[in-house]
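Q: Take a look at this one; I'll ask things after.
The values are calculated or read from the model by the stated rules, or taken from the named source; none is laboratory data. Bear in mind that the values here come from a model prediction, so they are computed numbers and not experimental data. Backbone-built Cβ (ideal geometry, glycine too); neighbour counts: all protein chains shown. Surface accessibility is based on the protein's heavy atoms, side chains included, excluding ligands, DNA and RNA. Shrake-Rupley method; radii C 1.70, N 1.55, O 1.52, S 1.80 Å.
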Number of protein chains: 2
Amino acid sequence: MGGVNQRKNSGGATAAPVRRQGTAKRAATAGSASERRDHLVKLAAELFARKGFQATTVRQIADEAGILSGSLYHHFDSKETIVDEVLRTFLEDLTARYRAVLETAGDARTALTEMVRIGFGTLEPHRAAITVMQNDWNYLRSLPGDRFGYLVKAEDEVERMWVEQIKRGQAEGLFRADLDPKLTYRMIRDTIWVAVRWFRPGGRLNTTALAEHYITVLFDGLATGDRTSHGA
Amino acid sequence: MGGVNQRKNSGGATAAPVRRQGTAKRAATAGSASERRDHLVKLAAELFARKGFQATTVRQIADEAGILSGSLYHHFDSKETIVDEVLRTFLEDLTARYRAVLETAGDARTALTEMVRIGFGTLEPHRAAITVMQNDWNYLRSLPGDRFGYLVKAEDEVERMWVEQIKRGQAEGLFRADLDPKLTYRMIRDTIWVAVRWFRPGGRLNTTALAEHYITVLFDGLATGDRTSHGA
DNA sequence: AAGGTCCGAGCAATGGCTTGGTCGCCCTAT
DNA sequence: ATAGGGCGACCAAGCCATTGCTCGGACCTT
């Protein structure tokens with residue numbers, strides 16, 4: 001009854017193409033066990049992102065996969081287990097990327113710039129997960145047991161990394177000292193993540209453009225000419 | 001079957017104290033009809049914000065008010081009607097405030113500053129509504145009929161107001177011209193609204209402080225010294 | 001008397017999850 | 001090579017709690 005990622009089948013070993021099937025009758029020699037599982041997770045993630053976790057029924061997920069709802073429980077032991085996997089995968093990737101950058105970071109501004117790029121960079125590959133995380137954060141956290149306690153843990157770790165860089169930048173004299181590091185971090189984070197709501201992969205702007213645009217505003221501001229506000 | 005705000009009782013006229021009661025048996029000489037109704041809406045809004053619209057049951061709302069679930073339907077004809085009222089009230093107040101500021105606006109920078117202040121200013125009085133709007137936006141929009149079509153309409157109107165001011169600022173030479181107005185607006189909006197997730201009324205910072213902090217970063221950026229990026 | 005407010009009970013639909021069984025692939029021992 | 005057992009993937013059917021909502025009548029105030 002811990003907060004651990006449970007799975008039912010312990011995974012085979014073969015490697016065959018996973019054939020997507022609309023509403024076909026049979027699974028047609030599915031690929032490796034975990035491959036099939038991963039596929040289901042992806043389908044579910046899309047639905048969760050589109051309709052919300054609670055509004056998505058296990059029957060809808062099964063439909064999307066061309067199987068019956070009961071069959072889902074061959075792979076997962078609950079609906080929650082599925083979101084769990086969605087979010088966990090995303091958070092692991094994210095924190096790993098941050099850590100990688102911070103190991104080779106130069107000055108604070110460079111580090112922060114890279115971190116912003118990472119943030120926007122995850123927008124595309126993890127669009128569904130980020131959406132779910134935002135919309136259903138409150139609900140998931142409120143679930144009994146700290147089934148999703150790792151959400152808070154991961155968030156805290158990320159916050160530490162950001163705040164550290166901001167403070168370093170202030171100490172180095174690169175960033176204005178009259179700003180609250182934690183507050184500044186939160187605003188940066190929000191700006192990046194919430195973009196997932198309106199960002200559409202094939203649209204006018206790609207994530208790189210978003211990142212550069214924001215980096216510009218973040219460091220130099222909207223105004224022209226000399227800086228006008230108080231502080232250093 | 002339109003998208004209109006339905007109500008069942010057309011509201012009386014008396015004015016008596018609305019007594020909050022835990023799980024009491026009787027409603028004890030309730031105040032005026034519309035007062036009672038408004039009270040219920042507020043209770044519901046809090047629950048919606050905390051647990052999400054769908055996760056909140058009508059029984060929970062009734063519990064909070066000390067009545068049975070069925071009795072709710074003397075005031076509202078559906079659960080949706082309740083959120084409807086929550087969101088509509090908020091949006092009307094918001095757009096009204098924006099319009100008021102824009103009528104007496106000076107240059108674009110002043111206008112934008114005021115708009116930012118308005119945004120953060122609504123955080124406290126409309127915390128629940130803003131939370132619901134963010135978390136359940138996708139779901140509500142997906143409901144049959146354009147029951148919540150006014151959500152999109154209101155958003156569009158607000159967007160027009162912001163983008164207009166940004167463009168004006170660029171034309172006046174106050175804002176750097178190398179920024180995408182629409183994109184810039186979205187980032188500003190996101191930063192303000194999403195603050196509702198971590199903002200807590202009695203905390204270290206009040207909404208005014210938040211606003212000033214953000215205004216500083218927004219116009220002058222994080223960096224010290226001369227502006228380094230391209231463009232003017 | 002009248003009207004507003006709420007109770008008590010319950011209905012129909014929905015949703016998460018179970019259970020028992022089928023089908024075909026793959027590995028292995030003969 | 002091949003029969004056969006093991007096993008993963010799925011179906012069919014349904015259980016059961018929950019949920020939004022209904023409805024007739026009781027109670028209270030005016």
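Q: What FRET efficiency, computed as 1/(1 + (r/R0)^6) with R0 = 56 Å and r the Cβ-Cβ distance, is obtained for residue B:110 and residue B:42, rounded to the nearest 0.05?
A: Efficiency for this residue pair is about 0.95.
Q: Follow-up question, since we're still on this one. State the three equivalent ellipsoid semi-axes of segment B:79-220, derived from the C-alpha gyration tensor as the square roots of 5 times its eigenvalues, in descending order and whole Å.
A: Equivalent-ellipsoid dimensions as semi-axes: 27, 19, 13 Å.
Q: Which order do B:167, A:51 take by accessible area at a 1.4 Å probe, largest first? Each step should come with its number before you reach the end.
A: Working: B:167 115, A:51 70 Å².
Listed by decreasing accessible area, they come as B:167, A:51.
Q: Please report which chain A residue places its beta carbon nearest the axis carrying chain A onto chain B, with the distance rounded to a whole angstrom.
A: A:221, 2
Q: Summed for both chains, how many Å² of accessible area, to the nearest 100, are buried between A and B with a 1.4 Å probe?
A: Counting protein atoms only, the buried area is about 4800 Å².
Q: Here is a further query. Please list 3J(HN,Hα) in residue order for segment B:188-197, calculated via the Karplus relation 6.51 cos²θ - 1.76 cosθ + 1.60 where θ = phi - 60°; whole Hz, with x for glycine and proline.
A: Going residue by residue, I get 5, 4, 4, 4, 5, 5, 5, 4, 4, 6 Hz, with x marking Gly and Pro.
Q: Excluding ligands and nucleic acids, what accessible area in Å² is computed for residue A:157 using a 1.4 Å probe, to the nearest 10?
A: 50 Å²
Q: What does the accessible area of residue A:90 come to, in Å² to the nearest 10, when a probe of 1.4 Å is used?
A: Solvent-accessible area, nearest 10 Å²: 10 Å².
Q: With a 1.4 Å probe and all protein chains kept in place, how much accessible area does residue A:93 have, in Å² rounded to the nearest 10?
A: 50 Å²
Q: Carbon and sulfur: what percent of segment B:79-220's accessible surface (1.4 Å probe)?
A: 51 percent
Q: If you don't mind, there's one more thing I want to ask. Could you sort A:200, A:127 by accessible area so the largest value comes first, with the probe set to 1.4 Å?
A: So the residues, ranked largest to smallest area, are A:200, A:127.
Q: Here's another thing I want to ask about it. Using a 1.4 Å probe and counting only protein heavy atoms, arrange B:208, B:131, B:57 so the residue with the most accessible area comes first. Write down the numbers at each step before the final one.
A: Working: B:208 85, B:131 15, B:57 60 Å².
Reading off the accessible areas and sorting them downward yields B:208, B:57, B:131.
Q: For residue B:146 and residue B:171, calculate 0.36 nm times their separation in residues minus their Cα-Cα distance, and state this gained length in nm to one decimal.
A: Value of the extension gain: 5.3 nm.
Q: Are any of the pairs B:153/B:182; A:42/B:51; B:51/B:79 more than 22 Å apart by Cα-Cα distance, and if so, which?
A: A:42/B:51
Q: Treating only the Cβ of Lys, Arg, Asp and Glu as charged (+1, +1, -1, -1), what charge dipole size does segment A:79-220 show about its Cα centre? Round to the nearest 20 debye.
A: 300 debye
Q: Let me ask something additional. If Lys and Arg each add +1 and Asp and Glu each add -1, what is the summed charge of the other residues whose beta carbon sits under 14 Å from the beta carbon of residue B:162?
A: Counting the neighbours of residue B:162, the net charge comes to +2.
Q: Please state the equivalent ellipsoid semi-axes for segment B:33-74: what are the square roots of 5 times the Cα gyration tensor eigenvalues, largest first, in whole Å? Show your work: numbers first, answer last.
A: On the way: eigenvalues 54, 29, 11 Å².
After diagonalising the Cα gyration tensor, the semi-axes are 16, 12, 7 Å.
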